[in-house]
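Peer 1: The structure follows.
The values are calculated or read from the model by the stated rules, or taken from the named source; none is laboratory data. As the structure is a prediction and not an experimental result, all values here were calculated from the model. FYI the Cβ positions are ideal-geometry reconstructions off the backbone, even for glycines, and counts take in every protein chain you see.
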Amino acid sequence: MQNNYLFEYAVLRVVPRVEREEFMNIGVILYCAKKRFMQSVFVIDETRLLALCPSMDIDEIRCHAAAFERICNGKGGGPIGELDMPSRFRWLTATRSTVFQSSKVHPGFCNEPEDMLQRLTEQLVL
């Protein structure tokens, strides 16, 4: 019998004009403590982003995503990137009022975190 592991995830999104509260999902971060797994996936669709906000700086969004991934992986990202995995996850998913945000954190159960991350990306981003 396969094990079910508790995981937490958040959807990563771009909010071009925070005051309008319009956003586009561009990624997912998933954390599973029991499997010591934390990974993020980004799919940045330039055409869709520019349709939402023609003045969007796509390179800036790519820089934010790259910094997010470095911190998520614990490979760079300054002092935050040096924190333990649970602390990095909490920091990355903290509420912000910026162009680059995460949703609230949602829990679930899965057999394999990698498979669940792919499934969530397909359902919520693509």
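Peer 1: Which of the residues that make up the stretch 76-93 are without any contact (Cβ under 8 Å) to a residue 60 or more places away in the chain and farther than 15 Å from HIS64 by Cα?
Peer 2: PRO79, GLU82, LEU83, ASP84, MET85, PRO86, SER87, ARG88, ARG90 - these are the residues of the stretch 76-93 that are without any contact (Cβ under 8 Å) to a residue 60 or more places away in the chain and farther than 15 Å from HIS64 by Cα.
Peer 1: Regarding VAL14, is this residue within 18 Å of GLU122 (Cα to Cα) and surrounded by fewer than 16 Cβ atoms within 10 Å (Cβ to Cβ)?
Peer 2: The answer is no for VAL14.
Peer 1: In the stretch 100-120, what residues are part of a helix (DSSP H, G or I) and of a type outside the set (Asp, Glu)?
Peer 2: Correct list: PRO113, MET116, LEU117, GLN118, ARG119, LEU120.
Peer 1: Name the single residue, out of those in the stretch 94-111 being without any contact (Cβ under 8 Å) to a residue 24 or more places away in the chain and not polar (S, T, N, Q), that is nearest to PHE37 (Cα to Cα).
Peer 2: Once the filter is applied, the top-ranked residue is ALA94.
Peer 1: Another question about this same structure. List the helices (runs of 4 or more DSSP H) inside the stretch 1-99, counting only whole elements, that have at least 1 residues being at pLDDT 95 or above, under 28 Å from PHE109 (Cβ atoms) and among the hydroxyl-bearing types (Ser, Thr, Tyr).
Peer 2: Answer list for the stretch 1-99: 85-92.
Peer 1: Still on this structure, please answer the following. List the pairs whose first member sits in the stretch 42-55 and is farther than 22 Å from LEU120 by Cα, whose second member is buried (at least 16 other Cβ atoms within 10 Å of the Cβ), and whose Cβ atoms are under 7 Å apart, counting only residues at least 6 apart or on separate chains?
Peer 2: LEU50/MET56; LEU52/PRO16; LEU52/MET24; CYS53/PRO16
Peer 1: For ARG88, which of the numbered conditions (1) under 12 Å from VAL28 (Cα atoms); (2) buried (at least 18 other Cβ atoms within 10 Å of the Cβ); (3) of a type in the set (Lys, Arg) fails to hold?
Peer 2: Exception for ARG88: condition (1).
Peer 1: Right, next: Working only within the stretch 100-110, note down all residues that are surrounded by fewer than 11 Cβ atoms within 10 Å (Cβ to Cβ) and out of contact with any Asp or Glu (no Cβ under 8 Å at 6 or more places or on another chain).
Peer 2: LYS104, the sole residue that qualifies.
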